[in-house]
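The values are calculated or read from the model by the stated rules, or taken from the named source; none is laboratory data. Being a predicted model, the structure only gives us computed values, none of them experimental. So basically every Cβ, Gly included, is an ideal-geometry build from the backbone, and we count neighbours across all protein chains shown. All accessible areas refer to the heavy atoms of the entire protein, side chains included, with ligands and DNA or RNA removed. Shrake-Rupley method; radii C 1.70, N 1.55, O 1.52, S 1.80 Å.
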Amino acid sequence: MYELVVIGGGPAGMAAALSARENGIKDILILERDKELGGILNQCIHSGFGLTTFKEELTGPEYAQRYVRMTLDENIEYMLNTMVTEVHGIDEDKDNCIVTAMNREKGLFDIECKAVILAMGCREKSRGALNIPGYRPSGIYSAGTAQRYVNIEGKMPGKRIVILGSGDIGLIMARRMTLEGAKVLCVAEIAPYSGGLRRNIVQCLDDYDIPLYFSHTVTKIHGKKRVEGVTISKVDENYNPIPGTEKKYECDTLLLSCGLIPENELSRAAGTQIEKSTQGPVVNENLETTARGIFACGNVLHVHDLVDNVTKESVIAGQKAAAFIKEGIKDWGEAHPVKIPSKEKNTIPEDMDRSCQMICIRCPNGCLLTAKKGVDGEYEVSGNLCPKGKEYAINEMTKPMRNISSIMSVENGQGPVVSCKTSSEIPKGKIFEVMEMIGKTTVKAPVAVGDILINDVAGTGVDIIATNVMDKEG
Ligand SMILES: Cc1cc2nc3c(=O)[nH]c(=O)nc-3n(C[C@H](O)[C@H](O)[C@H](O)COP(=O)(O)OP(=O)(O)OC[C@H]3O[C@@H](n4cnc5c(N)ncnc54)[C@H](O)[C@@H]3O)c2cc1C
């Protein structure tokens with residue numbers, strides 16, 4: 001018997017468990033189906049996480065590791081490689097919630113608890129859900145699957161790539177595959193705008209001259225055994241392909257990045273009401289679902305673009321679940337669908353004067369900056385919401401700089417690669433030289449976050465540091 005069981009050990013699950021502990025709950029158990037805590041963040045090796053929570057820009061594994069550390073420091077119990085198969089809330093027949101799970105050691109087992117927090121995250125829409133006609137050759141991956149292969153398994157899914165969908169995952173994977181030596185031929189987006197951040201269009205596509213075609217979709221996949229090519233076509237305002245606009249690309253891989261769906265099979269089976277617009281459970285103001293004693297937070301509730309918002313919401317779920325456990329069942333009012341901010345519709349302005357205008361990549365705001373030399377020869381910058389924007393614009397006009405995140409081979413490690421990044425920015429022109437050095441280097445396990453893996457990489461004065469832990473095998 002536990003006071004609280006949290007399903008999912010991603011950022012939402014860990015933040016909710018820590019918050020419940022802070023609010024007086026002692027017996028907490030996190031159940032995670034994967035072999036480690038951290039959720040999707042373990043494969044998101046790029047930076048862009050934690051600007052609100054930690055006031056610094058971290059990579060996904062670094063953000064996850066901070067929460068893993070706190071979870072360990074608080075002695076919160078967790079079970080890995082454990083899949084939850086069923087959840088029941090409190091009802092007339094049962095005073096407690098029941099969670100059914102399975103793992104290799106215990107087989108199928110039930111856990112009784114006073115409350116449950118659902119934090120199972122979301123999954124990508126599959127090809128089947130997208131209705132692309134044609135055969136089913138190999139070489140078609142969801143962008144997240146490809147991300148896992150490259151960033152965790154150290155394997156490349158292909159060499160010549162077309163990406164369908166310009167949400168952040170698609171954009172980030174376009175850069176990632178390019179950095180690892182693949183040719184990304186284009187990103188096709190069915191909408192006339194991108195659901196991804198403007199700064200990602202700049203730093204993931206523009207930096208590498210990868211074309212982004214709005215109002216385009218894949219209309220044919222060529223090849224029977226392996227993808228041999230992809231045809232994309234322009235679409236009209238109803239998203240119907242326009243005949244005569246077809247363009248064929250010879251490629252071996254198609255990555256699909258066409259949206260995420262909250263992972264709610266368990267929630268549905270538990271009888272919670274699911275909201276059509278979010279595909280997540282309907283919750284009351286305390287994040288309790290319509291099943292008594294079952295709370296929800298993070299991507300399982302609705303898809304969040306920023307992990308900082310996931311953390312904020314999960315802290316509330318932890319607090320409210322703690323209050324529920326300590327104070328007993330309360331009438332907390334009507335459940336209602338979560339109100340989510342409308343999705344951004346981003347484009348790079350077509351009339352942007354690239355000789356003096358740019359999109360700032362310093363934070364998700366993506367300000368449109370103008371930098372012009374004044375009479376004194378100094379740059380005057382406008383359009384920036386913060387001083388970082390001014391500094392970025394001046395650098396961009398004089399010596400463009402970028403941070404790089406990648407992976408490095410590991411000897412004797414529990415996994416084949418460890419994630420790493422530049423300790424500070426390097427000149428943009430040095431990116432591929434730095435990538436070559438990273439590609440040629442192998443480190444020995446164990447590796448800790450912050451370990452220097454390459455000193456003064458490619459003569460930049462910048463180090464390559466580890467962003468994740470890699471323990472020794474066995
Ligand atoms: C590719 C990608 C790029 C992103 N880039 C950024 C970015 O640059 N900046 C940013 O701030 N945010 C970014 N995000 C968003 C952010 O990472 C997510 O919103 C956040 O990680 C969601 O946290 P979560 O805990 O809800 O879900 P997850 O991290 O998905 O964790 C859910 C966990 O639940 C486990 N689970 C699921 N079902 C079960 C079950 N039945 N039994 C046991 N365990 C289960 C899963 O294994 C997983 O570990 C990105 C997201 C993705 C997918």
Next on the checklist: Checking Met70 against (1) part of a loop (DSSP other than H, G, I, E, B); (2) more than 9 Å from the ligand (Cβ to nearest atom); (3) of a type outside the set (Phe, Trp, Tyr): exactly one of these is not met. Which one?
Outcome noted: (1)
Checklist entry - Within segment 142-159, is even one residue touching a Lys or Arg at 6+ places or on another chain (Cβ under 9 Å), away from the ligand (no atom under 16 Å from the Cβ) and within 15 Å of Ile210 (Cα to Cα)? => result yes
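Return yes or no: is Ala115 crowded, with 21+ Cβ neighbours inside 10 Å, in the same structural domain as Gly293 (by TED's automatic domain parsing), within 23 Å of Glu288 (Cα to Cα) and within 13 Å of the ligand (Cβ to nearest atom)? Explain how you work it out, then say what you get.
Working: crowded, with 21+ Cβ neighbours inside 10 Å: yes; in the same structural domain as Gly293 (by TED's automatic domain parsing): yes; within 23 Å of Glu288 (Cα to Cα): yes; within 13 Å of the ligand (Cβ to nearest atom): no.
No; evaluated as a whole, the condition is false for this residue.
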Checklist entry - Looking at (1) in the same structural domain as Tyr193 (by TED's automatic domain parsing); (2) closer than 23 Å to Ser166 by Cβ, can you tell me which one Gly223 breaks? => result (2)
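Of everything in segment 1-53, what is in a helix (DSSP H, G or I) and more than 10 Å from the ligand (Cβ to nearest atom)? Give them in sequence order. Spell out how you get there, then give the answer.
In the first step, residues of segment 1-53 are kept if they are in a helix (DSSP H, G or I); the result is 11-22, 39-43.
Of everything in segment 1-53, those that are in a helix (DSSP H, G or I) and more than 10 Å from the ligand (Cβ to nearest atom) turn out to be Ala17, Leu18, Ser19, Ala20, Arg21, Glu22.
Residue by residue, here is whether (1) assigned to a loop (DSSP other than H, G, I, E, B); (2) among the β-branched types (Val, Ile, Thr); (3) away from the ligand (no atom under 16 Å from the Cβ); (4) not assigned by TED's automatic domain parsing to the domain that holds Gly196 holds:
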{"site": "Lys276", "(1), (2), (3), (4)": "yes, no, yes, yes"}
{"site": "Asp305", "(1), (2), (3), (4)": "yes, no, no, yes"}
{"site": "Asn309", "(1), (2), (3), (4)": "no, no, no, yes"}
{"site": "Ala321", "(1), (2), (3), (4)": "no, no, no, yes"}
{"site": "Val338", "(1), (2), (3), (4)": "yes, yes, no, yes"}
{"site": "Asp351", "(1), (2), (3), (4)": "yes, no, yes, yes"}
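Please work out which residue is most open to solvent (accessible area, probe 1.4 Å), limiting yourself to segment 146-168 and to residues that are of a type in the set (D, E, K, R) and in contact (Cβ under 8 Å) with a residue 60 or more places away in the chain.
Within segment 146-168, the match that is most open to solvent (accessible area, probe 1.4 Å) is Lys159.
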Next on the checklist: Being buried (at least 19 other Cβ atoms within 10 Å of the Cβ) and charged (D, E, K, R): is that true of Arg33 here?
Outcome noted: no
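Is it the case, given these coordinates, that Ala64 is within 14 Å of the ligand (Cβ to nearest atom) and in a strand (DSSP E or B)? Break it down stepwise before answering.
Numbers: within 14 Å of the ligand (Cβ to nearest atom): yes; in a strand (DSSP E or B): no.
Considered against the rule, which asks whether it is within 14 Å of the ligand (Cβ to nearest atom) and in a strand (DSSP E or B), Ala64 comes out as no.
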Checklist outcome for this item: Residues in segment 442-454 that are open to solvent by 30 Å² or more (accessible area, probe 1.4 Å) and among the β-branched types (Val, Ile, Thr) total 3
Item to check | When residues of segment 169-184 are limited to those that are among the hydrophobic types (A, V, I, L, M, F, W, C) and in a helix (DSSP H, G or I), the one most open to solvent (accessible area, probe 1.4 Å) | outcome: Ile169
Item to check | Selection within segment 94-109 - free of Cβ contacts under 8 Å to residues at least 24 places away in the same chain, surrounded by 15 or more Cβ atoms within 10 Å (Cβ to Cβ) and under 13 Å from Ala291 (Cα atoms) | outcome: Ile98
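Would you confirm whether any residue within segment 361-384 is part of a helix (DSSP H, G or I) and either buried (at least 17 other Cβ atoms within 10 Å of the Cβ) or of a type in the set (Lys, Arg) (or both)?
Initially, segment 361-384 is screened for residues part of a helix (DSSP H, G or I), giving none.
Within segment 361-384, not a single residue is part of a helix (DSSP H, G or I) and either buried (at least 17 other Cβ atoms within 10 Å of the Cβ) or of a type in the set (Lys, Arg) (or both).
Being away from the ligand (no atom under 14 Å from the Cβ) and either open to solvent by 40 Å² or more (accessible area, probe 1.4 Å) or part of a helix (DSSP H, G or I) (or both) is the filter here, so list the residues in segment 259-274 that pass it.
First pass over segment 259-274, keeping only residues away from the ligand (no atom under 14 Å from the Cβ): 271-274.
Within segment 259-274, Gly271, Gln273, Ile274 qualify.
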